[in-house]
Amino acid sequence: MSEVKVYPVPKSVKKNTLLTKERYQTQYKESIEQPDIFWPKKAKEFIDWIEPWTTLTSGDFGNGESQWFSGGKLNISVNCIDRHLKDKANQTAIIWEGDDPNNDKKISYQELHDAVCKLANALRTRGVKKADR
């Protein structure tokens, strides 16, 4: 049987966390007991919506159907990149690791934004429109 390795979280990291164990437990309880209040609050806090949702959740778990935030519209690029440019433009957005551990690249939000804009402009000049697949 293989040995399980445990890597404890350093105290320096623990003291700089944004979410304590107690706060996590409180939020978890809220998410279970009052989902119609908790999830819309989180969705407005962490996501920029183009159009708000009309239905928070619907579906039938027995049939494997689940929908959240139905009717809502958002732009994934805005939420993952653009909204971070003001405060985090020079911070790392992506860490790419190659097969060789010495081959890696740290990509800032600004570099990622520039690359996405370059790709979008190239697609636009080739006639690709929104919602084309």
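The values are calculated or read from the model by the stated rules, or taken from the named source; none is laboratory data. Values in this document were obtained by computation on a predicted structure and should not be read as measured data. Virtual Cβ from ideal backbone geometry, glycine too; neighbours counted across all protein chains shown. Protein only, heavy atoms only, side chains kept; ligands, DNA and RNA dropped before computing areas. Shrake-Rupley method; radii C 1.70, N 1.55, O 1.52, S 1.80 Å.
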Segment 18-61, residues that are over 19 Å from I76 (Cα atoms) and among the aromatic types (F, W, Y): Y24, Y28, F38, F61
Filter the strands (runs of 3 or more DSSP E) completely within segment 44-133 down to those with at least 2 residues that are open to solvent by less than 70 Å² (accessible area, probe 1.4 Å) and at pLDDT below 95. 55-60
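Could you run through segment 1-39 and say how many residues are more than 30 Å from L56 (Cβ to Cβ), in a helix (DSSP H, G or I) and either in contact with a strand residue (DSSP E or B) (Cβ under 8 Å, 6 or more places away or on another chain) or open to solvent by less than 90 Å² (accessible area, probe 1.4 Å) (or both)?
Restricting attention to segment 1-39, the residues satisfying the condition of being more than 30 Å from L56 (Cβ to Cβ) are 1-16.
So of that shortlist, the ones also in a helix (DSSP H, G or I) come out as 11-14.
Now drop any that are not either in contact with a strand residue (DSSP E or B) (Cβ under 8 Å, 6 or more places away or on another chain) or open to solvent by less than 90 Å² (accessible area, probe 1.4 Å) (or both), which leaves 12-13.
Qualifying residue count, segment 1-39: 2.
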